[in-house]
Amino acid sequence: MLQMTRGGYHNRLATVFWYMTNVTHGGETNFPRAHGGPDTPNTNANCGTKGLSVHPERGKVIVFYSLNPDGSGDNYSLHGACPVKEGTKWAANKWVWNQPQGYIDIE
């Protein structure tokens, strides 16, 4: 990971995550380290029981940072998707990088 991100110099700064559907049950985005959750969750089996969970609602947006102001990784940004138990989950994300990505604009 450090090689891919050039030692953190080229890294994802923030994520903007949109929920595009309502989910009847499950499908939360869980941040297990929020509110003093475990340092290294070793399973997603109890998803949503620790930390902060955001339930999917159409039109809801989550914005979170992956880096601290000094450029180091923010350990509290660890997140994962809880299983959808009832319904269908559609979502989209936009990654904001701290350096240009060098994509070529094809017209």
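Which pairs turn up if I take residues in segment 56-76 that are farther than 13 Å from Phe17 by Cα and look for partners that are part of a loop (DSSP other than H, G, I, E, B) and aromatic (Phe, Trp, Tyr) with beta carbon separation below 9 Å, at least 6 apart in sequence or on another chain?
Gly71/Tyr9
Every residue, every condition in (1) among the acidic types (Asp, Glu); (2) open to solvent by less than 60 Å² (accessible area, probe 1.4 Å); (3) modelled with pLDDT of 80 or more; (4) out of contact with any Gly (no Cβ under 8 Å at 6 or more places or on another chain), yes or no:
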{"residue": "Arg6", "(1), (2), (3), (4)": "no, no, no, yes"}
{"residue": "Phe17", "(1), (2), (3), (4)": "no, yes, yes, yes"}
{"residue": "His25", "(1), (2), (3), (4)": "no, no, yes, no"}
{"residue": "Asn30", "(1), (2), (3), (4)": "no, yes, yes, no"}
{"residue": "Asp39", "(1), (2), (3), (4)": "yes, no, no, yes"}
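State which residue is farthest from His35 (Cα to Cα) when the search covers only segment 55-81 and only residues that are touching a strand residue (DSSP E or B) at 6+ places or on another chain (Cβ under 7 Å) and of a type in the set (D, E, K, R).
The qualifying residue farthest from His35 (Cα to Cα) is Arg58.
Can you tell me which residue within segment 88-106, out of those that are at pLDDT below 95 and under 28 Å from Thr21 (Cα atoms), is least open to solvent (accessible area, probe 1.4 Å)? Quick ask: steps written out before the conclusion?
Filtering segment 88-106 for residues at pLDDT below 95 gives 93-106.
From what's left, under 28 Å from Thr21 (Cα atoms): 93-97.
Values: Asn93: 76, Lys94: 113, Trp95: 117, Val96: 58, Trp97: 78 Å².
The qualifying residue least open to solvent (accessible area, probe 1.4 Å) is Val96.
Among the residues of segment 42-87 satisfying the criterion of being surrounded by fewer than 14 Cβ atoms within 10 Å (Cβ to Cβ) and of a type in the set (S, T, N, Q), which is modelled with the lowest pLDDT?
That would be Asn42.
The values are calculated or read from the model by the stated rules, or taken from the named source; none is laboratory data. For clarity, every value in this text was computed on a predicted model and none was experimentally measured. Cβ sites come from the backbone with ideal geometry, for glycine too, and all protein chains shown count toward neighbours. Note: accessible area is taken over every heavy atom of the protein model, side chains too, but ligands, DNA and RNA are not part of it. Shrake-Rupley method; radii C 1.70, N 1.55, O 1.52, S 1.80 Å.
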